[in-house]
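Undergrad: Pasting in a structure now, in C-alpha cells, and then I'll have a few things to ask.
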Amino acid sequence: MSDTTATGHAAGGLSAWAGASAILFDLDGVLTPTATVHERAWQELFEGFLAAQPQVPGYSESDYFDHIDGKPRFDGVRDFLASRGIVLPEGPTDDDPANTTVQGLGNRKNRIFNDIVSTGVEPFEGSVRFLKAVMQRGLKVAVVSSSRNAPAVLAAAGLADRFPVVVDGVVAASEGLPGKPSPATYEYAARLLDLPSEECVVVEDAVSGVQAGEAGSFHSVIGVDRGAGRQTLLEAGATLVVNDLEELLP
C-alpha cells in the first residue's frame, strides 16, 4: 500500500486512485446505506437476546463498531457474545433463527435485515457518480463484502449489472477465505479481475475492512467515514478518508 496519508478532499482524492487499474468496493456503507440497516438489525437481535439475560450489560450503539462492523456475520455474533462473556453452542449452518446458538442468532439477524431491505435500497448518489467516473476511465470494479446478502442488496439498489465480480460471504465460505480484517477476500477479487493487488484500490467504511486493505499490498486504501470516525480509519491504515466518494472526483 502507498505510504501517503492524507485527510483532504478532491486534491488528495484524485491522487489516491490515480494510476490504479481497479477499484474494489465494500458494499454496505460505501455504495449503499445498508450499513445502517445492518446496525438496526444487529441492535434488534441483541436487544431481544439480552433482555432474557438481565445480569449482562445491555446493547449499546458502540457495540456495533467495537465488535461487529465489517465482519462476517457469524464472527460478529461470536465477538459480541465474547464481549459479554457468553459462550453458546455453534449450531448447524442452517440452524433455525429461533434457536439460541451462534448460527441461530446469525440467521435471525439475517431475517431481520432482509425484512428491512425488502422494500428497496437507494445507493449513495456520490458513490454512484464516482462509480460512473471510474468505469468511464476504463478501470475495473468489484464488490468485496462480508455480507452474504450482497447480490440481493446490489439488485435492490439497481447496481447488480455494474459488477462482474462480487466476492461476498457466500463466496468466502465456499473458497475457504478468512473474513476481514484478513486481506484474503480483497486479494481474491483482484485475482478474479486478473490484476495484481498493487494495482487495486480498496474502498471501505469499516475499521476491519480498512485493516484488511492495509494488511495487503494494495495501491491504496480509501476510507469513507460513515460513523467509524476519520481518525479511527486513518489509524487503521487508510491512505485517505472522505465523507463521500464524490470528494474523489476532480
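Undergrad: For the chain, what's the relative contact order in percent, using C-alpha pairs closer than 8 Å and at least 6 residues apart? If you can, show how the numbers build up before the last one.
TA: Values: 466 pairs, mean separation 72.5, N = 250.
About 29 percent, as a whole number.
Undergrad: Right, something else. For the chain, report the accessible area per residue in Å² (1.4 Å probe, heavy atoms, rounded to an integer).
TA: Numbers: 10420 Å² over 250 residues.
On a per-residue basis, the chain sits at 42 Å².
Undergrad: Taking the dipole about the Cα centre of the stretch 1-156, with the C-beta of Lys and Arg at +1 and of Asp and Glu at -1, give me whichever of ALA156, ALA51, PRO72 is farthest to the positive side.
TA: ALA156
Undergrad: Spelling out what I want: for every residue of the stretch 79-85, take phi, set θ = phi - 60°, compute 6.51 cos²θ - 1.76 cosθ + 1.60 (Karplus), and round to whole Hz; glycine and proline get x.
TA: Rounded to whole hertz, the list is 5, 5, 4, 4, 5, 9, x.
Undergrad: How would you order 90-96, 148-154 from highest to lowest mean count of nearby Cβ atoms within 10 Å? Numbers along the way, then the final one.
TA: Details: 90-96: 13.3, 148-154: 21.6.
Put in order of decreasing packing, that is 148-154, 90-96.
Undergrad: If packing is taken as the average count of other Cβ atoms within 10 Å, what order do 192-199, 207-214, 223-230, 30-37 fall into, highest mean first? Working shown, then result.
TA: Details: 192-199: 15.8, 207-214: 26.8, 223-230: 21.1, 30-37: 22.6.
Highest mean packing first, the order is 207-214, 30-37, 223-230, 192-199.
Undergrad: Another question, then. Would you mind classifying the stretch 1-127 by shape? Square roots of the alpha carbon gyration tensor eigenvalues, ordered a ≥ b ≥ c; an a/c under 1.5 is rounded, otherwise it is prolate if a/b is larger than b/c and oblate if not.
TA: On the way: a/c = 2.42, a/b = 1.98, b/c = 1.22.
Prolate.
Undergrad: To the nearest 500 deg cm²/dmol, what mean residue ellipticity at 222 nm is calculated for the chain from DSSP H runs of n ≥ 4 alone, each contributing -39,500 (n - 2.57), summed and divided by the residues? Numbers along the way, then the final one.
TA: Values: 10 runs with 104 residues, N = 250.
So the calculated ellipticity at 222 nm is -12500 deg cm²/dmol.
Undergrad: Tell me the relative contact order for the stretch 120-250 as a rounded percent, counting alpha carbon contacts under 8 Å between residues six or more apart. Could the numbers behind the result be given before it?
TA: On the way: 215 pairs, mean separation 26.5, N = 131.
About 20 percent, as a whole number.
Undergrad: For the stretch 139-215, calculate the relative contact order in percent as a whole number, restricting contacts to Cα pairs under 8 Å that are 6 or more residues apart. Please report the intermediate quantities before stating the final value.
TA: Details: 94 pairs, mean separation 22.8, N = 77.
It rounds to 30 percent for the stretch 139-215.
Undergrad: Run the accessible area of the chain with a 1.4 Å probe and give the carbon-and-sulfur part as a rounded percent. If you can, show how the numbers build up before the last one.
TA: Numbers: 5180 of 10420 Å².
Roughly 50 percent of what the probe reaches on the chain is carbon or sulfur.
Undergrad: Also, quick follow-up: For Rg/Rh (Cα atoms, Kirkwood Rh), one of [x] 1.07; [y] 1.10; [z] 0.97 was computed from the structure I shared and the rest are decoys. Which label?
TA: Among [x] 1.07; [y] 1.10; [z] 0.97, the one derived from this structure is [z].
The values are calculated or read from the model by the stated rules, or taken from the named source; none is laboratory data. None of these values were measured; they are calculated from a predicted model. Cβ: placed from backbone, ideal geometry, glycine included. Neighbour counts: every protein chain shown. Accessible surface is based on the protein model in full, side chains and every heavy atom, while ligands, DNA and RNA are left aside. Shrake-Rupley method; radii C 1.70, N 1.55, O 1.52, S 1.80 Å.
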